[in-house]
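Comments concern the structure below.
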Amino acid sequence: MMTKHVRNLLSLLQENRGLGSKMTDSKYFTTTKKGEIFELKAELNSDKKEKKKEAVKKVIASMTVGKDVSALFPDVVNCMQTDNLELKKLVYLYLMNYAKSQPDMAIMAVNTFVKDCEDPNPLIRALAVRTMGCIRVDKITEYLCEPLRKCLKDEDPYVRKTAAVCVAKLHDINAQLVEDQGFLDTLKDLISDSNPMVVANAVAALSEIAESHPNSNLLDLNPQTINKLLTALNECTEWGQIFILDCLANYTPRDDRESQSICERVTPRLSHANSAVVLSAVKVLMKFMEMLPKDLDYYGTLLKKLAPPLVTLLSAEPELQYVALRNINLIVQKRPEILKHEMKVFFVKYNDPIYVKLEKLDIMIRLASQANIAQVLAELKEYATEVDVDFVRKAVRAIGRCAIKVEQSAERCVSTLLDLIQTKVNYVVQEAIVVIKDIFRKYPNKYESVIATLCENLDSLDEPEARAAMIWIVGEYAERIDNADELLESFLEGFHDESTQVQLQLLTAIVKLFLKKPTETQELVQQVLSLATQDSDNPDLRDRGYIYWRLLSTDPVAAKEVVLAEKPLISEETDLIEPTLLEELICHIGTLASVYHKPPSAFVEGSRGVQHKRLPARAGSGESAESPDVGQSGPAEAPPAVIPSQGDLLGDLLNLDLAPPTATIPSVQPSMQMGAMDLLGGGLDSLLGGDIGGSPSMGAGLGAAPAAMPAALGSAPAVGGGLGDLFDLGGGVGMPTGAYVAPKTVWLPAMKAKGLEISGTFARRGGIIQMDLSLTNKAMSVMTDFAIQFNRNSFGLAPAGPLQVLTPLSPNQTIDVSLPLSTSGPVMKMEPLNNLQVAVKNNIDVFYFSCQYPLSLLFVEDGKMERQVFLATWKDIPNDNEAQFQIKDIHLNSDAASNKLQGSNIFTIAKRTVEGQDMLYQSVKLTNAIWVLAEMRIQTGNPNYTLSIKCRAPEVSQFVYQCYELVLKN
Amino acid sequence: MIGGLFIYNHKGEVLISRVYRDDIGRNAVDAFRVNVIHARQQVRSPVTNIARTSFFHVKRSNIWLAAVTKQNVNAAMVFEFLYKMCDVMTAYFGKISEENIKNNFVLIYELLDEILDFGYPQNSETGALKTFITQQGIKGQTKEEQSQITSQVTGQIGWRREGIKYRRNELFLDVLESVNLLMSPQGQVLSAHVSGRVVMKSYLSGMPECKFGMNDKIVIDKQGKGGTTDDPGKSGKQSIAIDDCTFHQCVRLSKFDSERSISFIPPDGEYELMRYRTTKDIILPFRVIPLVREVGRTKLEVKVVIKSNFKPSLLAQKIEVRIPTPLNTSGVQVICMKGKAKYKASENAIVWKIKRMAGMKESQISAEIELLPTNDKKKWARPPISMNFEVPFAPSGLKVRYLKVFESKLNYSDHDVIKWVRYIGRSGIYETRC
């Protein structure tokens, strides 16, 4: 019935329907003369309409390139009263840019706006209300209310949809006003509007407003409204569909039946041409699927329906492919069954942009299984010969991961890696050696035959990670490598130029070698031990050296048991996202959070998006399905701010990656060692126990060399066992009453730290400031290598020693640690004053959090001022510096109060009683020698105290007062 | 939502800057220029986070389009919007170039004001936009015209206006497929898929209701069960299995989901009705058989045979085979039976072009490549041999079965509409490793 035909003529005709290219506006970009502003002013005030318009265009062009043309404000605004719509729009554009800097003159525009809002032409009414909302000047905002109210009820849907968005704009400027004026209710009514686009914009505006009011019930989603949304979903624009789907994703269905019926109505969206519609639909389905029973037929059907659209996303433009791949990475972790048969589509194409290639590779590894491993390996081998260094490295690493993940393939992987080593491409060889080390750990005593090949490449290794891996291999298999001693010796020559990682590894490897072949290697081990303990200023290295030295010299049998202990197995899946974070990210499919693989709170400022989203519970699993899923999991009090890892504001914190802090431990004279060793002698074996095993990084765990520490420093608290007691000098040293210590609060929630939860508090014990921490491992894998560092802060707080976490922290385990602090660190004024930004590192990542310490931490023991000095100082400090506070509800007499305060180093110098009022004069000295003077008035029978604080640095008064309150109330 | 939108030229000079949100300052314009456009390294991600501000960018020739935000926006939507923005600009003034953008900056600002409100994308169908963003002013409109515009922009059928009239009702369907292949040197298909598009040009009066049918396996099988099949005994490529398809927003998705029927009211003029993907029973129009031999360290011998694999009566066109050569190539000698072959040093490849080739034919090229001796340890990566071509059939086997047009209010029927169909198969990424 139809025929083939080529038809040029028609298509040619079609093309000419568009606008001709008559305009040559580019000339406006070129004017950069000196008297330009003056000329423009004249032109703007010209009588000729055309000239006026030309001038406004020039102004806009200048504005675009960043020139300041705000001086022309009155002249431009004068052009506003026109019936030329193009000109009007240009003037509006100008207004939006400069109104904020010229608020008084912006008022001149109000009349025109109000008039335009009454215009018979709906396009003009909408334009006016749209523009007015963009002008962030309070006075204009007031005038906006009436027109907006009318426009929200306008007969024309175009005006209503514009007004809906305008409510969100107004809310951003003045939230209270929007609430007072009742706009929120009107906006809610628009969800039932007959026009789908009005519904969509109302949903978008409400969702945004709701985000900044976490606990309000603004988006009151119930089955009726959901039904309205689903109806509008079929009819509105692609963008509107996205707004609605994103809003739907926040709803929690009451039961599995409702869940299923919503899913059924959302699935058709998977065929939409717009990828964002598809991804948002996937988000709704992934979320609601949680509630469906797995034995339901529909559940299986749904799973099958999800794969094709996800694969189709990979034929989109590269930028969208990237977004899709980042999301697929999450989906594959949450529900691997969806894409398990689709491995091939993730094969890298030669011309893919590098960001697409790297993401595909990640997903390939996740999907690798026994069924497809042959194909995957063949591909990976191809990739390892590509050009991009990062990509090649990742491909090589991927081969290693396949070996560890799919046991049956290990042999083939190893031989592939050997082939790659033969290419002699430097970075390929190094990467291969790093992964082979892991393969050895996973399959001990299986592939050692390849060691010879590895040894051939010793010389070409110049990266620390590869060198460390190679040294580990040599040490671990020393008995099978004839010239192991020579190999290790060759590394020893440049010992001090190596990175810490390599040094530590070399130390351990040589000790292993010694334990295996004691006869020939005595000299070597002596050499490395003295290099590590005497010539190094790295405490980790020294500590490890001492431990080995003592172990070897006291009990070689025990040493053997410790150093050559069996190693724990390494896990199969690496780089898995921690489950709670994964759940949250699934709720954010399609958004930036899913691209960054970070919760929104990590990159969004302010209150927006800080609530954590959760997946709904499966029906019947105990938890009531009615509970809304939003805003429940967030803690009630303000959570500690978590500082993201991007951004450079914490630059100095970031250098933590290298090693735990150095330099706090005084260096040791070699002569001291022997004696000190006796001191600890026999206890050490039992202390070290079995669990340190041969973990390559155990040095950090073993902490400060005990002998090296002057006892008074007491910086090895809670090391467990006897050692802890030995150093616990804190308690009971000359304190009348104990200082108040606040209970621990959560500083770093597990959600934000890949499963590591840190809670803590501060205490001052016997003149020593301590940070008491509880580290809890809520992830699935073991955590090791803890270290801590502070950002510069107001009082120079800094760790006085390394963070001592002796044993690896296994899942669900909690360890309590006390970290002694010094006040000799670098100083930087913080906001608030007592804010402390902390970075904690473990084997997984570096995490940041901030906490606030009570100022009483810094009140020193010799803070009692002489009476005379007090009087003189009190007079000396200007009255402006005096601050008054009320402390309410204290039922203590003045003596009890002063006793209590003394416990926290707030000293009462004198007491006067005047007319039934007790006046206490008190002094406090801070670690940085700032004196704070206080007068506390206590009236018998009145539970409210009055506190006057005087200090040369008045900004501390507020915080001193907080301490008073804390101490007195507890 | 989107906080701002910037357009830059290749030097990083800003051509268009429109800020929608208060949290985006003027410094964002510079941050993107410094960190992305002027970055020394090649772009490693289309999304960049600079000082807690996220930048999404796409490039069209040497123009950068960047959307900025400080919130957790829908990233897929932002990119879709940027693409749409490019489409709209192209529809208004043609190619996206610095000159065209400068020439139309007032228009672009007007468009940006309309299609993005407070960072929320609004109706961006060119059909609708062109009714009221014309750069001519709109004072001449009557009340009816105005309300027609607003109802179209906000309406259920935002892509088509009422009252379109043609003397001759005509429609054109193009089935455009790109066939993708990755083949091992031994001739094993590593991956192959067809991504197809059905592009429609409709010149129809009124608000016609259309129904489109193709040889979709699911539909055919369903009808087969109903007992209405015309030729049940015949096997062969009667129907094809479609892995997935997506549709223009005019198609009623819920109806497709429940009945698998494709019904819609089409936009006027040209648009893309659907996209689809197939992976089963693909006709691979060409097979490439490579043979690379390294003769010593300074010489390579390459022989490539191509075989066409379709009906002898059909002609393939614009055939191009691209054989990569090592970076240290010093000279190339080529002999080919058909077409022209040339070594292009700047592209590191031998390019072999054949104007036309019929089905079931074979042709061959052989080349000797002289290499400069190098001490580079790294082996040559041997990029795959790629191919370009165009064939007058659909490699997926897709056939249009019908496109019915119903317009009840006007007096023309399905029979009066003149319909044209053509099939074009092009190479996508068609590679054979060597």
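Quick notes on this one:
- What separates the Cα centres of segment A:922-970 and segment A:167-209 is a distance of 48 Å.
- The H on the amide N of B:Trp420, modeled in the peptide plane, is under 5 Å from the matching H of B:Leu171, B:Phe172, B:Leu173, each at least 5 residues off or on a different chain.
- Across segment A:369-375, coupling constants 3J(HN,Hα) worked out from phi with the 6.51/-1.76/1.60 Karplus curve, θ = phi - 60°, read 8, 4, 5, 10, 4, 4, 4 Hz, and Gly and Pro carry x.
- When the Cα positions of B:Ile262, A:Cys587, A:Asn457 are compared along the charge dipole of the protein assembly as shown, B:Ile262 comes out farthest toward the positive end, with charges on each C-beta of Lys, Arg, Asp and Glu.
- Across every direction, the projection of the convex hull enclosing the Cα atoms of segment A:745-853 has a mean area of 6.4 nm².
- Beyond 26 Å, the tail of the calculated P(r) for segment B:319-434 holds 45 percent of the Cα pairs.
- When the P(r) is computed for segment A:204-345, the part past 28 Å accounts for 19% of the Cα-Cα pairs.
- Charge sum, other residues only, whose C-beta stays under 10 Å from A:Ser315's C-beta, Lys/Arg counted +1 and Asp/Glu -1: 0
- Computed FRET value (nearest 0.05) for B:Arg44 with A:Glu386, which takes r as the C-beta separation and R₀ as 22 Å: 0.90
- A cut-off of 5 Å between modelled amide H atoms, ignoring neighbours fewer than 5 places along the same chain, links B:Ser427 with B:Val179, B:Phe389.
- The orientation-averaged projection of the convex hull spanning the C-alpha atoms of segment B:4-130 amounts to 7.3 square nanometres.
- Each Cα pair of the protein assembly as shown feeds into the Kirkwood radius, which the Stokes-Einstein equation turns, at 4 °C and 1.567 mPa s, into a diffusion coefficient of 35 µm²/s.
- Measuring r between the beta carbons of A:Asp459 and B:Leu291 and using R0 = 30 Å, the FRET efficiency lands at 0.20.
- Cα-based Rg / Dmax (Å) for chain B: 26.4, 83
- Extended-chain gain in nm, criterion 0.36 nm per residue less alpha-carbon gap, A:Ala953 and A:His891: 19.3 nm
- Between segment A:430-479 and segment B:318-383, the alpha-carbon center distance in angstrom: 41
- Virtual spin-label span in nm between B:Ser258 and A:Leu177, 7 Å along Cα→Cβ: 4.7
- Arranged from fewest to most other beta-carbon atoms within 10 Å of their beta carbon, A:Arg326, B:Arg297 become B:Arg297, A:Arg326.
- Dipole axis of segment A:225-377 (+1 Lys, Arg; -1 Asp, Glu on Cβ), positive-most option in A:His341, A:Leu296, A:Ile262: A:His341
- Distance in nm between pseudo-label sites at B:Ala31 and B:Glu145 (7 Å out along the Cβ direction from Cα): 4.5
- Kirkwood hydrodynamic radius of segment A:463-565, from the reciprocal of the average inverse Cα-Cα distance over all distinct pairs: 13.3 Å.
- Calculated FRET value between A:Leu569 and A:Ala452, using beta carbons and R₀ = 30 Å, to 0.05: 0.70
- Inter-label distance, A:Tyr299 to A:Asn351: 4.4 nm, where each label sits 7 Å from its Cα along the C-beta direction.
- Over segment A:858-969 - Rg/Rh using Cα atoms and the Kirkwood inverse-distance radius: 0.93
- Cβ-based exposure ranking for A:Arg366, A:Arg412, in which fewest neighbours within 10 Å come first: A:Arg412, A:Arg366
- 3J(HN,Hα) from dihedral phi, segment A:870-880, Karplus parametrisation 6.51/-1.76/1.60, rounded to Hz, x for glycine, proline: 4, 4, 4, 5, 4, 5, 5, 6, x, 5, 4
- DSSP H segments from chain B that extend 24 Å or more along their own axis, Cα-based, with Kyte-Doolittle mean of -1.0 or above: B:75-93
- Cβ-based net charge around B:Phe264, under 11 Å, with every Lys or Arg adding one and every Asp or Glu removing one: +3
- Centre-to-centre separation between the Cα atoms of segment A:763-814 and those of segment A:405-420: 40 Å.
- Peptide-level mean, for B:18-25, of C-beta atoms on other protein chains within 10 Å: 3
- 3J(HN,Hα) from dihedral phi, segment A:960-970, Karplus parametrisation 6.51/-1.76/1.60, rounded to Hz, x for glycine, proline: 5, 4, 4, 5, 3, 4, 4, 5, 5, 8, 10
- Proxy reagent accessibility, fewest Cβ within 10 Å first, across B:His57, A:His891: A:His891, B:His57
No value in this document is a laboratory result; all are computed from the given coordinates. In this text, all values refer to a predicted model and were calculated from it rather than measured experimentally. Here the Cβ is made from the backbone with ideal geometry for all residues, glycine too, and neighbour counts use every protein chain on show.
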